[in-house]
Each structure stands twice: as C-alpha cells, then as structure tokens.
Amino acid sequence: MSFLSVRDLVVHFPTVDGVVKATEGLSYELDRGKTLGIVGESGSGKSVSSSAILGLHRGTNAQVSGEIFLDGVDLLKINDESIRRKRGREVSMIFQDPLSAMHPYYTVGNQIMEAYRIHHDVSKKQARARTIEMLERVGIPQPDRRVDDYPHQFSGGMRQRAMIAMALINDPGLLIADEPTTALDVTVQAQILDLLQDLQREFNSAIIIITHDLGVVAEMADDVLVMYAGRAVEYGPTKEILVHPEMPYTWGLLSSVPDVVGDTDAKLIPIRGNPPSLLSPPPGCAFHTRCDHRDKVPGDLCRTTVPELTPARAGGNHTKRCHLANPDEVYATEVLPEIAPETLEEQG
Amino acid sequence: MFAYIVRRLFAGVIMLVAMSMMTFVLFFASPIDPARFACGKICSPQQIAQVRKGLGFDRPVWEQWKDFAVGVVKGRDYPADKSLQKSAPNLVAHCAAPCLGYSNVNVTTVRDEFKTRIPVSFSLAIMAFIMWIVGGVGLGVIAALTKGSIIDRSVVGVSLVFFAFPTFFVGLFLLKFLAIKWGIFPVPNYVSIANGGVWNWLVNLVLPGLTLALFYMAGYVRMSRAFVLESMGEDYLRTAKAKGLAPRKILFKHTMRAALTPLVTMAGLDLAGLLGGAIITERVFNYNGLGKLAVDSIAVYDLPTIVGLVLLLGSFVIVANIVVDILYAFIDPRVRVG
Amino acid sequence: MTEMDPAVGAPVAEPALAEHHAASRRNPDAQQVLSVENLRMYFPVKTSGIIRRTVGHVQAVDGVSFQVPAGGSLGLVGESGCGKSTTGRLITRLLRPTGGRIDFDGRDIAQLSQRELLPLRREIQMIFQDPATSLNPRHTVGAIVGAPLQIHKVLPKDKIIPRVQELLEIVGLNPEHYNRYPHEFSGGQRQRIGIARALTLQPKLLVADEPVSALDVSIQAQVINLLQDVQNEFGIGFLFIAHDLAVVRHFCPEVAVMYLGKIVEIADRETLYLRPHHPYTQALLSAVPDVKQAAIGGRRERIRLEGDVPSPILPPSGCRFRTRCAIAQEICAKVEPPLLQIAPRHKVACHFAGELGHAPKEPVTMKVCGVDAHGAPVPGEVPDVQLNEPGFSDRWMDLKTGQLTGA
Ligand SMILES: Nc1ncnc2c1ncn2[C@@H]1O[C@H](COP(=O)(O)OP(=O)(O)OP(=O)(O)O)[C@@H](O)[C@H]1O
Ligand SMILES: Nc1ncnc2c1ncn2[C@@H]1O[C@H](COP(=O)(O)OP(=O)(O)O)[C@@H](O)[C@H]1O
Ligand code: SF4
Ligand code: SF4
Ligand SMILES: [Mg+2]
Ligand SMILES: [Mg+2]
C-alpha cells in the first residue's frame, strides 16, 4: 500500500438549501518523495477533500466517509485526539493567503515555535533555536532578528516561506500545499516552488499541491488529479495527462490559458458557461452542460449516466471519466490544431 | 506613540473649548431667563436683576465665556461683578482652578458639587462595568461555542429581554423583590468606603450595578458572540488547528484574543459614558450621583452646572477614546509597529 | 459558494460576437490615442510626530513614457507594487500626476481640473480587477450600465433601457436581466457587467486593470475573448494592465515591463517574449511555469531572482534593479540607465542590454550617458537628454556597432 491512500472519499455538507456534495468518491495514492497535483477551478472540491486528510471537518456539520490510509492507519477511523497528534507532525498544510493564515497578534517566531512545542517537549529556548534554524533553511535573511517580527512586517513571499517553515518544523511525511503561490507574483512563485522541491528532496516527504495553474502542476507534480464538481475526472502521470489528455474538461483547461512561448496563432478557447452548483450538480457527466463534444457520444449517455473512471486509451496508469469512445483522436484532430498549430507544422 | 498621544490630547482640548462655547451659545439662544430660575420662586424684578448681575448674565455671551475659560485655568471669585464684591466682601466665594462656575441653585461651586457626586457615579459605573464585562463576554463566548444549541438561544434570548425592558422597570423590580420583599440585599443607599468600609460600600452597589449591567450586557453578549464566531472562520484558526493545537488552547490563545479586541473600543466608550452618571438608575435608587445632578440642574435651568457637566462628560469621552487607542496599540502589533 | 449559485438562474446568452481568437495583431498605420510622457506620481510619506512632516515620497510612478495606438493595445506588466495600477489611475485622472504629460487625443489632460475633465470621462473608461467590489450591490444591472448615459445626458430617458439591453447582449448577458442585482451573477458575469458599463459611452480608451485576475481560469478566456471582440468592433484603445505575462502576450501586440515605478523594457510582443534584452524581463519570463515545455520534456532553466523588490521610498541609486541583478557592475550603481531604443520597436533601460547569456562586456550606454565603463563622467561628453520620449523613433542605436542607425 502506498504511503497515502485515499479511497472513495465523500464529503457532504448539509445546508438549509440542500446537501452540498463537495467531494464524491475520490481515490488516489501517493508515495513518499512524490508530488501529486490537484487541479480544477474554484469550488471543485480541492481544498475540502484535502483538508479531510487532516480531519479538519471534524466538529463541523460535514459528513465524511471513505478511507484515508496514511502509513497504514485509517485517519477517518481514529479518534479526535489521535488525529490531533498527527496534525502538524505527520501531515502539515499550508494555505493560499499567507497573511491571513497567520495570527496578526503573535510574532512569526512565536507561531512557528508553537507548532514545534505542541509535538516536542522542549524548552522555549530550544524551540526558538530550532525555529531560527528552520527560518534560515527556508531562506529568510537574518532569521535571528526576523523571528521576532510580526506577520505584517514580512513580505508576501517571506510569509509563505515562514508558513513552510512552520509546516515542516516537525518533519512531517505529508505536506498539503493549498494554492501556495496563487497570491504571489511569478518571481516569488518560482522561489517558493524551488524551495518546496529542495525541501522535498531533503526530507523525502510526499507533497499534495493544489492549484488551478497547469503550469505549476507541470513543473512540480509527478501525478495529476483533475477535479470537476467534486469528482476526479482525469488522473495519472503528469506527462501522460499533459500530452495525451482524454477528458474534454482537461482540454478546456489546456486551451483556455494562453502561454508565454509558442505560436501567437494559437487560439484561446474558453470553456462555455459557468461551473455548476454542487447543490444540484447536473445529472450524468457533470461537465455535459459545458462540453463541446457530448454530441459525439451516442444517445443520451452524457446527460443520464455518470461515466466511470476508466483506463485511458493511451494506456499507462492514466484514467479518465468520459463516455467518448475515441478521445485521443478527437483531441489530435480537433483540439490540438487550434491551441498548438506549431506542433502540427513540426509533424508535417 | 508619545507624539500621537500629545496630538490627540491637543485635539481633545480644542474639542472641549468648542463644546463649552456651543453650550453657552445654545443656552443664551433659549427664550428662558436663567436669572429667574436662579433667583427662586418668589422674586421681585430688582432681585432678578441683582442675581443676573451677580452671575454675570447681563454681559455679552462671549465675555461670559471668556470669564468662564479664565476661571477654568486660573480660578475666579463670585459674584463676578467687582462692585458687588466690594459691597459684600464677606459673601465672596473663591472658586479655585479648575473653576467650572458657581451654582446659585445649589449655593456652592460646581466643582465642590462634583466632588461629592463623582464618587457615587464612579462606584456605580465601575461596579456595573465589571458585572457586565464578566457576564456579557462570558455568556457571549459560551453562546458562540454552543452555537445553535438551546444554551445559545436562551442566553441570547434572555439577554435581549433584559435589554428590551426599561431600566427603571428592572431597577424597581430588583428593588422590590431582592431588597424589600426577600431582604437578600439592603435597600441600596450609597455608603462611601470612608464611612462604612468596603463591604458596606460593595453590598449597597450590587442592585443598582446589576440594573445597569443587565441593560448593557445584552449588547456585549451579542457582540462577543458575533466576534468569536467571526474569528472562528479566520484562516489563522484553521492554521492553528492544522498544527495540531489542542482545542482549549486554540480558543484561549488564538480565538479570544482576536475576537475580544474590538470590544475594547466599545467597553471603553460605554464606561466613559457611564462615569458621567446613570440618569435613570440613580433616580430609581436615589443615588446622588452625576446623573441625578444632570436631571435636577436641567429642570431648574442651572447654567453653570450644566456647562460643567457637559465639559466633564466630554472630557471623559475624549480621555476614554485616547486610552482605548493606546490599549489598542498594545493589543494589536499592526497598530504599534509600522 | 455564492460564486456559482446565481449561474443556475441566469443562463448565459451566447455572446453576440463569439469567435475564438488568436492573439491580437498590431495595426502599423494606427494613430496614437494616448501618449504619455515622463509621467510621475509621488505619494508623500508623513512622519508620525506631533506636527506631521513629509519625510519622503513613494515614487510610485517615476518618469514613464509610452503610447497607446487608437484601436490597439499596450500591455503593462510587472510585479505587485511596481506602479501599474497607479499609472492606470493617473491616465483615467482618478489621481493628479506630480508631473509629466498625458496627451489624450492631442490634448494634455495631466493637470485639468475635475470640471474640465467631465467631458473626457466619457472617452476614457476603466475596468477593475475585482468584479465583486467594483459594482454597487444596491443598484440593478440596468442602473449600473445606464448610469453613465444619465450622468452625461446623452440619451433621452426612454432610450436608455433599450441601449442597456443592447449592451448587455454585446457582452453576452441575457438582456432580460437588466433588473437583477450584481450578487445574482457569477464572477465572470459580473466582470461582463463591468465591461458593459465601460462600453456605455463608447470610449476611445479603456484602462483595464487586471480585468481577469480575479476570475477562474475557465472564465478568464471568455472575458479575454470578449475584450478582443469589443476592441475589434468599436476600435477601442486598451491600456491592459496585468501581472499574468501570458494573458498580456495574447492581448497586446506591444508590451511594457515596469519595475519600481519605471519602464525597463518596452517592445513589440515577438521581441519582448523571444528576445528580451533586460535582465529583469528575462527573469520574469523564466519564472512563468510553462505547461507545454514541461509536457514535452524537462523544464527550462530558471533564473532565480533573490530577495524582494526594494522599497519605492528609497529606491536603489542608478539602476533600480541592481540589488537583484545577476550581471550588475559598478556603473549600475552610479548611473541610471536611460530607456534606449535599440531596434525599430524595442527600447530597453540597461547598461548591459543583450539577449540572455549574451550581455555585452562594455556598457552600451557610455556614449549617451557621457560616462566611461565605470560610470565616471567623461569630460566633454554631453549626455543625450532626448531619451524619455513616448513612442519609437526612426533612428536607434545598433547594439552591435554602437552606432545610430535608421530604417
Ligand atoms: N462549510 C461548508 N459548508 C457548505 N459548503 C461548503 C463548505 N466548505 C466548502 N463548501 C463547498 O464545497 C465546494 C468545494 O470547496 P473547496 O473550497 O474545496 O473548493 P476549491 O476547489 O478549493 O476552490 P478554491 O479554488 O476557490 O479554493 C464548494 O462548492 C464550496 O462552496
Ligand atoms: N495612496 C497611496 N499612498 C501611498 N502609496 C501608495 C498609494 N497608492 C499606491 N501607493 C504605492 O505605490 C506603489 C505602486 O502601487 P500600485 O500602482 O497600486 O501597484 P500595482 O503594480 O500592484 O498595481 C506601491 O508601492 C504602493 O504601495
Ligand atoms: S462524458 Fe460526455 S459530456 Fe462528459 S466530458 Fe465526456 S463527452 Fe463531454
Ligand atoms: S543596468 Fe546594470 S543592474 Fe540594471 S539591469 Fe542592467 S546590468 Fe542589471
Ligand atoms: Mg481552495
Ligand atoms: Mg494593482
């Protein structure tokens, strides 16, 4: 069994308007030293499903079911106290907005030390020394002075570095990074991504990186999980999925973002309409309301039947959730020529 | 920080000057003759003229204000008129700085009147303040933690009921049952510490304090409940949870500190307002505090006392504002360090 | 959560002009609708003493010059805090500049009073980043989009609603929805409302400040396509501000890169993205994670930029980028590099301007600055003062020969 193994994870939130089905039957595996990228637009259930690993939905009205094995232990079965002891020690999480993720009234050092002392019975002095060491490791200049600064005195990039220091101070096996660079400039994003990769090599941790930027996934992740309306719609090795995507939503993600290299003849093809409400997701394939290819599927299948996660035509460990019989051909003949005309010229 | 405080105090003094001017102008714009009131029930026109002269009401407004302002800084003698002073030197009353005027109605300087009233109002205010902060915040936090439960709803509901009842009703109710009928507390009657010792002082304050506290508490229950709930949604609490911090520590170290900060402003200003006297409660329990003084002096058009009260209250509020801001800087590093 | 719920009740009409677009092209014959010269904006910094003295200035925009062609677009990119939005607010005259010229349609509007500006408000419009906060939640969509028509009294009252409906249709919203409130729409739809409002008076210039940054990836493309549509249809000039280099590349045939209040490089798209000559532009571009590259194998070598952007209150002497520049030398601290034209449509402000990995050994700016290789003034040499003009000249300095050449 893998280091982290999520099986059939379901997270529902009962509300006055009905049940919000934030995650439906999500499964994935992740080994130490590897990175999983979870992509999808906002509201697709990326954060909700990942915070379930830390048990952050406990004590709320959320209904969570399925299995989450971390190092062989099912995190959904153990009691509140046991999961609390694992948080920050075996699984850590960093968040999108590093300013609001830190308490404004306590110094950065105080908050990092706290994370260390929860799990280690050490004196304040020792914890402080360790904190300074960690700040130095994540590249904060003059860590012995900056340790006493408040979060608002740090720049955005430094704050995210401090969050990373806090998350890794107990050397956890799994780090969940929820859009760690969305609020940052590209140059700072590059620094943070580099840092995460260096630290991963050093600590041999598993990383889940949540993002809506396929570029980040391409650079960081070994595997990708594409989520739409609470479900995994495509899952497999990064290279496979970026080169041979077989699900129209993934095509949409690829074709709706411009690029800094490549041909300027490339067209930008938006995904029509808006993301669906998770209160009443469309029946059948949740993407059918926006899919340009549903007519290629015979009958009313797309509208009535949820496609299973099936192996991709290209093979490998790559699975997708779509009724199309020949997605590889459709992609090569209809999508690729629009978004990457240069590749065709190269080929002939 | 120091420069900031100086700047604020300076602005406060200017505000007080403006306030006193406005009170003077408004007072004289009114059609009622203050000298008539000051003179007493049966008064001949000559007597009225004399009183008017004695109080200086016959001179232009701005001159009166100037005398008043000088009195605040240097002190002054009454009656203001030099010839009257000469004719009856034994009746001249000296009013030391800061002199707020001389009240013919109470036959004493406003300053001395305040001296006897302030301990009463302050004792009452502080008693009520402690009760409503402890009760209001405590209940608010409990309500927030049990959000949606029966406890939450009854706390919020009951505090609303007390808020909705008029203060005099709650006061009379407590008086009737707790003091007169069941005799749990003595019928309140202000006893200073010097006269009756701490215990007597305290026991006599419970009922009027509670009356006031119940009124203020409703707001504090709702506010602290709302702030705690709001801060429970903050990202940094999610971080605290994700570090593996124990729930009790999250509540006390992270949630409460952030949630209760905004209450500092409210509490400071409420306390300042109350220090200036609780009009209804003081009347119900027959406490001779500033609130009762205010009602009485307005009823008889006692200008010097009214002006004095306005300034006193104004300075309480201004000082409270400054204190609150300084406190804020201590609590919130974003205000303190650049 | 509310982001998507309104979508259920408000089906999107297919945009009237829907067509997928390749990147926008430059029209070489276009006149300039906007010409900005040496624009400066300094915000005073006050002490916290008893008497508040001004102790310095945030040099948010410091000597910026550029042109926007009629019906064309110029992109403005850079890290947060570099002065992009301030530039936009200056041009729309929401701020009064400290100095410089803003020639709009042949008239300098930099120092006009608010009253004199009123007629111009019709011609220059702005679209904001956050569609949620830039629309008044208490007004209906019809009121929001129709307000400019009323304020400027361009249409009789009974003509306003039909015009509003027409505009809603243009931006791909259901015209029947003019009676709804902004919160009933999703983020992307709200941004469409913002665009409709900006189009109401048929402006000549649109300042779009991060118009798609707050939107979901799948929605961004919808809005970019829409902006391209309205640009083509109505011939509107765009100053397109964004930090997303890819989006800017798609929308703007010409792009200016800002760093700490100054333009460090400005060029046509092909040059800027393929052969950037400024070390900052090179670093910025290499930091962008790239799907296609990674997909076909390996990632590009990244240039790591160390540290943070310095404070705009005390910017570094000489070249403002020198604290983070890998190839900085003595001269960079002493002499500010001028924005030098080095090709028909390419200007760069760097003493060692050159393609990545091919920086020249000697400063290329010695002659124009009248200094030697170490930045010391050379007696007798007069610095060229004509360097901060907007637009491009017919003559430029050839980097290979160091000589002034022309087309
Ligand atoms: N406490 C809650 N109660 C009800 N619904 C919730 C709750 N938390 C999340 N949701 C819903 O769950 C869905 C998934 O949310 P999630 O935060 O995981 O999205 P996401 O993919 O991370 O989006 P973003 O990129 O905006 O962070 C959304 O529809 C959201 O509205
Ligand atoms: N009203 C203001 N007072 C002082 N400084 C300001 C003000 N507005 C903007 N600035 C500063 O000007 C610089 C440029 O800001 P801005 O143009 O908003 O940056 P961005 O490129 O993110 O849009 C920043 O350093 C910012 O802090
Ligand atoms: S299942 Fe049908 S609707 Fe869904 S993505 Fe595939 S083709 Fe489109
Ligand atoms: S002028 Fe000098 S410091 Fe500035 S970018 Fe060029 S080489 Fe770097
Ligand atoms: Mg999220
Ligand atoms: Mg901005």
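The values are calculated or read from the model by the stated rules, or taken from the named source; none is laboratory data. Since we're looking at a predicted model, the values are computed, not measured. Every residue, glycine as well, gets a Cβ built from its backbone with ideal geometry; the counts of neighbours run over all protein chains shown. In case anyone asks, the SASA skips ligands and DNA or RNA and just uses the protein heavy atoms, side chains included. Shrake-Rupley method; radii C 1.70, N 1.55, O 1.52, S 1.80 Å.
Below are the figures for this structure:
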{"item": "Under DSSP loop assignment and at most 14 Cβ neighbours within 10 Å, longest trypsin sites (Lys or Arg not before Pro)-free interval of chain B", "result": "B:148-338"}
{"item": "For A:211-218, mean number of other protein chain Cβ atoms within 10 Å", "result": "5"}
{"item": "Violating pairs (Cα-Cα greater than 23 angstrom) within the set B:Lys41/B:Lys115; A:Lys124/B:Lys243; A:Lys46/A:Lys320; A:Lys239/A:Lys320; A:Lys21/A:Lys77", "result": "B:Lys41/B:Lys115"}
{"item": "For region B:34-99, alpha-carbon Rg relative to the globular expectation (2.2 N^0.38 Å, N residues)", "result": "1.14"}
{"item": "Shielding of A:37-45 by partner chains, average beta-carbon count, 10 Å", "result": "3"}
{"item": "Additional length obtainable on full extension of the chain from B:Val319 to B:Thr146, 0.36 nm per residue less Cα span", "result": "58.6 nm"}
{"item": "Residues whose placed amide H lies under 5 Å from that of C:Gly75, excluding near-sequence neighbours", "result": "C:Phe240, C:Glu254, C:Val255, C:Ala256"}
{"item": "For chain A, projected area of the alpha-carbon convex hull averaged over all directions, nm²", "result": "19.1"}
{"item": "For the protein assembly as shown, share of DSSP beta bridges that run antiparallel, in % to the nearest 5", "result": "65"}
{"item": "Rg to Rh quotient for region A:105-162, alpha carbon positions, Kirkwood Rh", "result": "0.95"}
{"item": "Two-decimal log10 I(q)/I(0) for region A:244-347, as the Debye equation yields it once each C-alpha is a single scatterer, q = 0.15, 0.21 Å⁻¹", "result": "-0.68, -1.17"}
{"item": "Cα extents of region C:283-401 along the three principal axes, largest first (Å)", "result": "56, 35, 28"}
{"item": "Most to least accessible of A:Glu240, A:Glu219 (protein chains only, probe 1.4 Å)", "result": "A:Glu240, A:Glu219"}
{"item": "Compactness of region C:154-197 - radius of gyration and Dmax, Cα, Å", "result": "10.5, 31"}
{"item": "Euclidean distance of C-alpha centroids, region B:185-224 and region C:347-378, integer Å", "result": "80"}
{"item": "Per-residue ³J(HN,Hα) for region C:324-332, Karplus 6.51 cos²θ - 1.76 cosθ + 1.60, θ = phi - 60°, Hz, x for Gly and Pro", "result": "10, 8, 6, 10, 5, 10, 3, 4, 5"}
{"item": "Trypsin sites (Lys or Arg not before Pro) within region A:44-122, DSSP loop, no more than 13 other Cβ atoms inside 10 Å", "result": "A:Lys77"}
{"item": "Phi-based couplings in Hz for region B:150-159 (Karplus 6.51, -1.76, 1.60; Gly and Pro marked x)", "result": "5, 4, 3, 5, 6, 4, 4, x, 5, 5"}
{"item": "Summed buried accessible surface, chains A and C, 1.4 Å probe, nearest 100 Å²", "result": "4700"}
{"item": "With all protein chains modelled, accessible area of A:Tyr106 [1.4 Å, Å²]", "result": "30"}
{"item": "Minimum 50 Å² accessible area buried by the other protein chains, region A:82-96 residues, probe 1.4 Å, relative to alone", "result": "A:Arg84, A:Arg87, A:Phe95"}
{"item": "Formal net charge of residues neighbouring A:Glu246 (Cβ-Cβ distance under 9 Å; K, R +1; D, E -1)", "result": "0"}
{"item": "Net +/- balance of residues flanking B:Phe68 in space, Cβ distance below 12 Å, scoring K and R +1, D and E -1", "result": "+2"}
{"item": "Of every Cα-Cα pair in chain C, the percent that sits beyond 36 Å", "result": "30"}
{"item": "Mean projection area, nm², convex hull over Cα of the protein assembly as shown", "result": "57.9"}
{"item": "C:Asp308, C:Asp158, A:Asp185, ranked by accessible area, largest first (probe 1.4 Å)", "result": "C:Asp158, C:Asp308, A:Asp185"}
{"item": "Estimated 222 nm signal from helices in the protein assembly as shown, with DSSP H stretches of n ≥ 4 weighted -39500 (n - 2.57), rounded to 500", "result": "-13000 deg cm²/dmol"}
{"item": "Using θ = phi - 60° and Karplus 6.51 cos²θ - 1.76 cosθ + 1.60, couplings along region A:54-71 (whole Hz; Gly, Pro as x)", "result": "7, x, 6, 8, 5, x, 10, 7, 5, 10, 10, 9, x, 9, 10, 8, 10, 6"}
{"item": "Residue mean of other protein chain beta carbons inside 10 Å, A:100-111", "result": "5"}
{"item": "Cα-based equivalent ellipsoid, chain B: semi-axes from gyration tensor eigenvalues, Å", "result": "46, 26, 16"}
